[in-house]
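Written out below as structure tokens is the structure these notes cover.
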Amino acid sequence: MISATEDEPLHVLDLPQVYEKPSGTELMKTLALLTQQPRTFGVSAEAVKGPAVHPAGVNRYLTQIIASPLSWLDTDELREAVWDAAAARLSERSGRTAMPAMSRVFSVPTSSGKDLTLTLHEPSLTSDNLGMKTWVSSYLLSRRLHSLLESPPSLVPSGPTDPSVAQADSQNKLRALELGSGTGLVGLAFAALHGKTATTHLTDLSEIVPNLEHNRALNVELLTNTEAKVTTGVLDWSVVPEPQPTAEERFDVILAADPLYSPKHPAWLVQTVGTWLSRGLDARVVAEMPLRDAYLPQVQEFRQRMTDLGLAIVEEGQETGYDDWEGADGDVLAVKCWWSIWGWSEKVWPLS
Ligand SMILES: C[S@@+](CC[C@H](N)C(=O)[O-])C[C@H]1O[C@@H](n2cnc3c(N)ncnc32)[C@H](O)[C@@H]1O
């Protein structure tokens, strides 16, 4: 029986070879060993487990299985299962965009020390549907959300001081909007952390929203237990709403993770923030994005446009996460991310 130790991955030549005519069971076990699990976005490189099999030669090994007639196996069903598993392992190695659909579990810390658990469905990706995957900056932001709730100035809406009055009156709930929610990690975590004190509206493009809604439904137990109020809907940043939202329709908090990957995004995103953010001094934009070289000009433009709109940074920082997919050489990919919290600058306040 083949096995790998944590420190010493197997070599591809240790695996059963096609010319040896291994049994179907042996092949299926080997192919299971070659599964590339999504990484856990660990916050330290050490926490990320290495591969069970050294990546060198694995693609060739898989191609040999797919090309073989597997004539020594007993049934067509077994042959199909082996070919399917080998093809799946090969597509996993072709990059994240070729990965099959999967459900993933995320832990979100709370201020009580007990983590919340969210399950998110990620359909198989196509290159133009980036919202079908959960990205590293949303993972980092979801883990930071509980501490943002405590850091001054508070993100609690101004309203009656008697909590029972605040709970009874939906006008006094914190209204949160997530832009470009993707699979919904940040928005769902925010909603669960705030429970009945907030309503959270998760939004994205029309092709992404069905999976977002699916993920809301997948987490109904957590959302019910925490009395969270979540809605989902389409909100395209490139469309300016007519008429403009009223003061009651605007949001106290706008959340966005990894929203910039096209030259048009900074202008669209900031315009959307300007449209939907409440005009109060307590209003906040909470954003986190990777500092990838190719997108640094967009991050810079976002910063400038937010400032031009009259927003100022209340708090900011950088942190490193580890992407959930290893690079071609099997290395863990460290991603530096920038988080920022914005409020209206007193210089421009009060706004109309
Ligand atoms: C890189 S993904 C990030 C998704 C999620 N926030 C995360 O971090 O896992 C960017 C998201 O922005 C959305 N997006 C891109 N252009 C958009 C637009 N014009 N209006 C609304 N959402 C848009 C995409 O559909 C996608 O879900």
Within segment 59-83, work out how many residues are closer than 14 Å to Glu20 by Cα, among the aliphatic types (A, V, I, L, M) and open to solvent by 70 Å² or more (accessible area, probe 1.4 Å). 0
In the set Val230, Val239, Val234, which member is out of contact with any Ser or Thr (no Cβ under 6 Å at 6 or more places or on another chain) and within 16 Å of the ligand (Cβ to nearest atom)? Val239
Can you find even one residue in segment 187-197 that is more than 9 Å from the ligand (Cβ to nearest atom) and of a type in the set (Val, Ile, Thr)? yes
Condition test on Gly280, is it modelled with pLDDT under 95 and closer than 26 Å to Leu145 by Cβ? yes
Name the single residue, out of those in segment 247-291 being under 20 Å from Val335 (Cα atoms), within 12 Å of the ligand (Cβ to nearest atom) and in a loop (DSSP other than H, G, I, E, B), that is nearest to the chain's Cα centre (by Cα). Asp258
Note on Asn219: of the conditions (1) open to solvent by 10 Å² or more (accessible area, probe 1.4 Å); (2) within 15 Å of Leu118 (Cβ to Cβ), unmet is (1)
If you scan segment 305-319, which residues turn out to be open to solvent by less than 60 Å² (accessible area, probe 1.4 Å) and either among the basic types (Lys, Arg) or within 19 Å of Arg143 (Cβ to Cβ) (or both)? Gly317, Glu319
Scan segment 276-291 for residues that are under 18 Å from Val240 (Cβ atoms) and surrounded by fewer than 16 Cβ atoms within 10 Å (Cβ to Cβ) and jot them down. Arg279
I need the full set of residues from segment 238-261 which are open to solvent by less than 50 Å² (accessible area, probe 1.4 Å) and either without any contact (Cβ under 8 Å) to a residue 24 or more places away in the chain or in contact with a Pro (Cβ under 8 Å, 6 or more places away or on another chain) (or both), in order please. Asp252, Asp258, Leu260
Based on what the data block shows, is Glu301 among the charged types (D, E, K, R) and out of contact with any Pro (no Cβ under 6 Å at 6 or more places or on another chain)? no
Quick check: anything in segment 298-313 touching a His at 6+ places or on another chain (Cβ under 9 Å), part of a loop (DSSP other than H, G, I, E, B) and outside the structural domain of His54 (by TED's automatic domain parsing)? no
Here the residues within segment 172-211 that are free of Cβ contacts under 8 Å to residues at least 60 places away in the same chain, out of contact with any Leu (no Cβ under 7 Å at 6 or more places or on another chain) and not in a loop (DSSP other than H, G, I, E, B) are Asn172, Gly195, Lys196, Thr199, Thr200, Val209, Pro210
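The values are calculated or read from the model by the stated rules, or taken from the named source; none is laboratory data. Because the structure is predicted, anything quoted here is derived from the model rather than measured. For neighbour counting, all protein chains shown are included, and Cβ atoms are generated from backbone atoms with ideal geometry for every residue, glycine included. Heads up: the accessible areas ignore ligands, DNA and RNA and are worked out on the full protein's heavy atoms, side chains in. Shrake-Rupley method; radii C 1.70, N 1.55, O 1.52, S 1.80 Å.
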